[in-house]
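J.: Structure below; questions to follow.
The values are calculated or read from the model by the stated rules, or taken from the named source; none is laboratory data. This is a predicted model, so every value here is computed, not measured. Backbone-built Cβ (ideal geometry, glycine too); neighbour counts: all protein chains shown.
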Amino acid sequence: MIVTGTREFWLATLALALGSFMIFANVHMTQPLLPQLAQTFQLTPLQASWSLTATISMLGLSLLIYGPLSDAWGRKNIMSLSLLGAVFTTLAISQVETYSSLLILRSLQGLFLGGLPAIAIAYMGDEFERKAVLVAVGLYISANSLGGVTGRLASGFIGEHYDWQTVFLALGFSSLGLVLLFIWLLPSSKHFQAKPFHPRSVILDMRGHLNNPRLLTAYLIGGLNMLVFLSQYSYITFVLADAPYHLSTHALGMLFLTYLTGSLASAWSGRAALWLSQPLCMIVGILLLMIGSLLTLAGSLPMIVSGFLLNSFGFFLTHSVLSSWVSQHALKARASASSLYLVFYYLGASLGSFYLEPFWQWAAWPGVVMASLLVFALTLSAAIWLYFRQNHSSAVPAQASSQTSTA
């Protein structure tokens, strides 16, 4: 098994982090380009946003496929091929002339982009010792947020000086370099045990994961947190674009730099979980989300930014710990267990605006905050349940051992 601090540990972790960085740079690259796409193809803002929605939706659906396939066919080869497929679709998009072609290729790109997120943590669970998994997962997820921020910033900068096709061309070739590094650096699996691929067994595995109370609770915490966290960014842009702030589009894009505290939290989460325990880290992260959301009600721009800095830290701390929790508590088929967690995660990302919109219509930003706190109260309760469930499970063997020694 790969041990923390060894050369093999750092090579594998760097490879997975580079792959993760590339994935989320490509997912979010169209966000700053939406006005340009709307103008070029004569689209409404909603139609332009489909260029992001199509990718995220297909990425989420693909997770149900890649996890079971990797349990049967292995980890590294599937991750490598899916990353190469994503690169070639990115380059192909730079050559399209119609919006329908762009959407088709963005959907295909999302299908390829799901390969690494569905498998990476299962690879760690197979190859890394427990302590190494906790540290590596945090670093891997920190690359998620870094990739998302970098993709948005690079896309906005290139798109402002050139055109949207050049953005896809530049990110396509940059992504190719990252994928080649990934293939070169990532050690081949040594502890993977293949499992024959049978659709019926896949369904049974999924059912088993959903019947596992600890896993199901983790899935719900991750999905519900994401439902609120991502959509808060969408609604706050309307607040900051209006009086009294009147921020420009470029300045609004800079708000995503608050994700950087999420990178810090993800990188730190492994060590924090060793010190506090995983459920306690989840509790701390959700409490930070609640405090950060309340800070935004102060009204001043510095307080709003501070609130989102805190929100990002709390969200990614919880998300990182949940990801490793799922890998460790899956009784079998780790890849499909991790994939199912991400399905809940991206389902939350897709449904957030539907949940928050009535509250926004009712009371604007204070309504969004109230709706957020209701969800965070649910996920906090779930995390507290996991904390007491873990302590109870630890106490039972200890009590049995005590009784045996006195007998």
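J.: Could you say whether any residue in the range 316-323 is in the same structural domain as ALA363 (by TED's automatic domain parsing), over 30 Å from PHE128 (Cα atoms), in contact with a Leu (Cβ under 9 Å, 6 or more places away or on another chain) and not charged (D, E, K, R)?
T.: No.
J.: Also: Just for the range 155-203: of the residues that are hydroxyl-bearing (Ser, Thr, Tyr) and outside any helix (DSSP H, G or I), which one is farthest from ASP126 (Cα to Cα)? Even if it seems obvious, please write down each step before you answer.
T.: To start, the set of residues in the range 155-203 that are hydroxyl-bearing (Ser, Thr, Tyr) comprises 155, 162, 166, 174-175, 188-189, 201.
If we keep only those that are outside any helix (DSSP H, G or I) too, we end up with 162, 188-189.
Values: TYR162: 44, SER188: 11, SER189: 8 Å.
If we take residues in the range 155-203 being hydroxyl-bearing (Ser, Thr, Tyr) and outside any helix (DSSP H, G or I), then TYR162 is farthest from ASP126 (Cα to Cα).
J.: For the range 159-168, which positions are buried (at least 18 other Cβ atoms within 10 Å of the Cβ) and modelled with pLDDT of 85 or more?
T.: TRP164, VAL167, PHE168
J.: GLY156 - would you say it is within 30 Å of PRO32 (Cα to Cα), assigned by TED's automatic domain parsing to the domain that holds LEU105, at pLDDT below 90 and under 23 Å from the mean Cα position of the chain (by Cα)?
T.: yes
J.: In the range 317-334, is there at least one residue being within 21 Å of the chain's Cα centre (by Cα), at pLDDT below 80 and among the basic types (Lys, Arg)?
T.: Yes, that holds for at least one residue.
J.: Do we have GLY85 as part of a helix (DSSP H, G or I), touching a residue at least 60 places away in the same chain (Cβ under 8 Å) and farther than 24 Å from ALA330 by Cα here? Break it down stepwise before answering.
T.: Numbers: part of a helix (DSSP H, G or I): yes; touching a residue at least 60 places away in the same chain (Cβ under 8 Å): no; farther than 24 Å from ALA330 by Cα: yes.
Judged against the criteria, GLY85 is not a match.
J.: Picking from SER269, SER312, which residue would you name as being closer than 29 Å to ASN211 by Cβ, buried (at least 24 other Cβ atoms within 10 Å of the Cβ) and of a type in the set (Gly, Ala, Ser)?
T.: Of SER269, SER312, the one residue that is closer than 29 Å to ASN211 by Cβ, buried (at least 24 other Cβ atoms within 10 Å of the Cβ) and of a type in the set (Gly, Ala, Ser) is SER269.
J.: Follow-up question, since we're still on this one. Do we find a residue being buried (at least 23 other Cβ atoms within 10 Å of the Cβ), of a type in the set (D, E, K, R), outside any loop (DSSP other than H, G, I, E, B) and touching a helix residue (DSSP H, G or I) at 6+ places or on another chain (Cβ under 9 Å) anywhere in the range 128-150?
T.: No, the conditions are met nowhere in the range 128-150.
J.: Still on this structure: Specify which of the listed residues (PHE388, PHE359) is farther than 30 Å from ALA54 by Cβ and either touching a Cys at 6+ places or on another chain (Cβ under 6 Å) or aromatic (Phe, Trp, Tyr) (or both). Write out each step before concluding.
T.: On the way: PHE359 fails: farther than 30 Å from ALA54 by Cβ.
Unique residue meeting the criteria: PHE388.
J.: Go through GLY151, GLY172, GLY159 for me and flag whichever is in contact with a His (Cβ under 8 Å, 6 or more places away or on another chain) and not charged (D, E, K, R).
T.: The unique qualifying residue is GLY151.
J.: Which residues, taken from the range 347-359, are touching a residue at least 40 places away in the same chain (Cβ under 8 Å) and surrounded by fewer than 24 Cβ atoms within 10 Å (Cβ to Cβ)?
T.: Within the range 347-359, LEU347, ALA349, SER350, LEU351, SER353, TYR355, LEU356 qualify.
J.: Let me ask something additional. Taking the range 220-235 as the search range and keeping residues that are out of contact with any Ser or Thr (no Cβ under 7 Å at 6 or more places or on another chain) and more than 14 Å from LEU351 (Cβ to Cβ), which one is surrounded by the fewest Cβ atoms within 10 Å (Cβ to Cβ)?
T.: Per the criteria, the residue is TYR233.
J.: Suppose we filter SER248, SER293 for residues that are assigned by TED's automatic domain parsing to the domain that holds LEU317, in contact with a helix residue (DSSP H, G or I) (Cβ under 9 Å, 6 or more places away or on another chain) and touching a residue at least 40 places away in the same chain (Cβ under 8 Å); which single one remains?
T.: Criteria check complete, one pass: SER293.
J.: Something else: Identify all residues within the range 299-352 that are of a type in the set (Gly, Ala, Ser) and closer than 16 Å to ALA383 by Cα; write none if there are none.
T.: GLY314, SER320, SER323, SER324
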